[in-house]
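One structure is given here, and the rest of the page talks about it.
The values are calculated or read from the model by the stated rules, or taken from the named source; none is laboratory data. Owing to the predicted nature of the structure, the values given are computational and were not obtained by experimental measurement. Ideal geometry is used to build each Cβ from the backbone, glycine not excepted, and the neighbour counts take in all protein chains shown.
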Protein chains: 2
Amino acid sequence: MDSVSKMDILKSYLETKGLKSTSQRDYIADIFFKTNTHISLEELLKKVKRKNTNIGYATVYRTMRLLTECGLAISRQFGDGQTRYENLPEDGHHDHIICIKCSKIAEFQNQKIEQLQVEAAKKLGFTVVNHKLELYGYCPDCV
Amino acid sequence: MDSVSKMDILKSYLETKGLKSTSQRDYIADIFFKTNTHISLEELLKKVKRKNTNIGYATVYRTMRLLTECGLAISRQFGDGQTRYENLPEDGHHDHIICIKCSKIAEFQNQKIEQLQVEAAKKLGFTVVNHKLELYGYCPDCV
DNA sequence: ATAATATTGATTTTCATTTTCAATTTCAAG
DNA sequence: CTTGAAATTGAAAATGAAAATCAATATTAT
Ligand SMILES: [Mn+2]
Ligand SMILES: [Mn+2]
Ligand SMILES: [Zn+2]
Ligand SMILES: [Zn+2]
């Protein structure tokens with residue numbers, strides 16, 4: 001999905017909630033849509049401020065909440081005490097492996113694991129709505 | 001493992017670190033060893049205060065850090081903003097499924113999933129040191 | 001007993017997140 | 001183009017859990 005269609009989704013979400021499309025929201029969303037990392041609020045604010053000095057932290061925070069609500073952003077907690085956001089992946093859900101030395105993040109998909117999760121839950125009478133799977137270890141560069 | 005041997009492990013850990021065994025530490029550890037839930041610091045403090053009014057939050061906090069360091073306690077973050085502690089399980093590592101309605105926590109072990117995780121990491125050149133797997137959904141009581 | 005060292009618990013600090021609020025902007029109606 | 005209601009903004013304050021500080025107290029070896 002390209003930035004334009006994402007912006008359309010955001011705008012129609014705002015409309016359904018009786019919220020307004022503003023230049024700040026648009027700009028923050030645009031910058032976010034162009035990032036392909038797992039970005040923190042501080043990092044995003046820094047990027048946004050480069051061209052738009054007067055945008056505040058609170059607006060970035062609120063915009064990311066909106067993007068998360070409408071499914072265009074996914075919030076992640078990798079245990080470093082900071083919430084990070086990533087764009088809704090093209091190719092569906094993925095999980096993460098994080099280097100405990102250099103903090104590099106790699107992504108992977110494993111349909112077998114997903115399936116076994118649902119089965120494990122079923123055995124306990126649970127229905128799975130979502131899950132969090134994070135592997136921690138050493139990346140190729142850190143041995 | 002019984003509380004007595006756990007206390008022995010704690011005491012020898014303290015010794016190696018040049019730390020002292022105290023009545024507060026012993027009491028907090030004893031109460032913790034007897035819990036079989038995923039307990040928060042606040043909850044543990046409350047339990048401890050029932051018989052020992054003068055023990056402070058900071059000592060409970062520090063004791064749980066010691067227990068975590070020496071492997072007798074495992075700290076967990078289930079996304080409610082509070083760190084929870086559980087006793088080192090008898091039967092090895094397990095993962096969790098949490099009810100998003102009533103917060104009930106169930107545990108499960110799945111060797112196949114563990115194995116697939118290592119394989120998925122290997123494909124990316126990573127070595128897994130530890131992992132976090134949490135399923136979120138509805139428990140049998142909450143449909 | 002003495003001195004060195006560790007512990008305690010109240011308090012303060014830290015820090016990310018969330019909320020508040022007065023000023024500003026947007027937008028539909030006249 | 002005005003007007004006024006409603007939403008937005010950004011600075012600042014509040015929140016809350018975790019971590020650190022520190023003076024008073026307790027422990028330990030000599
Ligand atoms: Mn990702
Ligand atoms: Mn458990
Ligand atoms: Zn690395
Ligand atoms: Zn439930």
Residues located in segment B:84-129, provided they are of a type in the set (S, T, N, Q) and either crowded, with 19+ Cβ neighbours inside 10 Å or modelled with pLDDT of 95 or more (or both) | B:87, B:109, B:110, B:111, B:115, B:117, B:127
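If the requirement is being touching an Asp or Glu at 6+ places or on another chain (Cβ under 8 Å) and more than 12 Å from DNA strand D (Cβ to nearest atom), which of these qualifies: A:77, A:109, A:115? Spell out how you get there, then give the answer.
Working: A:77 fails: touching an Asp or Glu at 6+ places or on another chain (Cβ under 8 Å); A:115 fails: touching an Asp or Glu at 6+ places or on another chain (Cβ under 8 Å).
On inspection, the qualifying residue turns out to be A:109.
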Subset of segment B:18-69 (residues that are touching a residue at least 40 places away in the same chain (Cβ under 8 Å), surrounded by fewer than 17 Cβ atoms within 10 Å (Cβ to Cβ) and assigned to a loop (DSSP other than H, G, I, E, B)) | B:19, B:35, B:36, B:37
Just a yes or no: is a residue in segment A:72-87 assigned to a loop (DSSP other than H, G, I, E, B), out of contact with any Cys (no Cβ under 9 Å at 6 or more places or on another chain), assigned by TED's automatic domain parsing to the domain that holds residue A:26 and more than 16 Å from DNA strand C (Cβ to nearest atom)?
-> yes
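I'm trying to understand the selection: among the residues of segment B:93-143, which are part of a loop (DSSP other than H, G, I, E, B), more than 7 Å from every other protein chain (Cβ to nearest Cβ) and touching a strand residue (DSSP E or B) at 6+ places or on another chain (Cβ under 7 Å)? I'd like the intermediate steps shown before the answer.
Quick first cut of segment B:93-143, residues part of a loop (DSSP other than H, G, I, E, B) only: B:93-94, B:100-104, B:109-110, B:124-126, B:139, B:143.
Next, only the ones that are more than 7 Å from every other protein chain (Cβ to nearest Cβ) stay: B:93-94, B:101-104, B:109, B:143.
Hits for segment B:93-143 are B:94, B:101.
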In segment A:25-50, what count of residues is obtained for those that are in contact with a Ser or Thr (Cβ under 8 Å, 6 or more places away or on another chain) and either among the β-branched types (Val, Ile, Thr) or modelled with pLDDT under 95 (or both)?
-> 1
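Within the group A:114, A:69, which residue is among the acidic types (Asp, Glu) and not assigned by TED's automatic domain parsing to the domain that holds residue A:37? Spell out the reasoning first.
On the way: A:69 fails: not assigned by TED's automatic domain parsing to the domain that holds residue A:37.
Exactly one of A:114, A:69 is among the acidic types (Asp, Glu) and not assigned by TED's automatic domain parsing to the domain that holds residue A:37, namely A:114.
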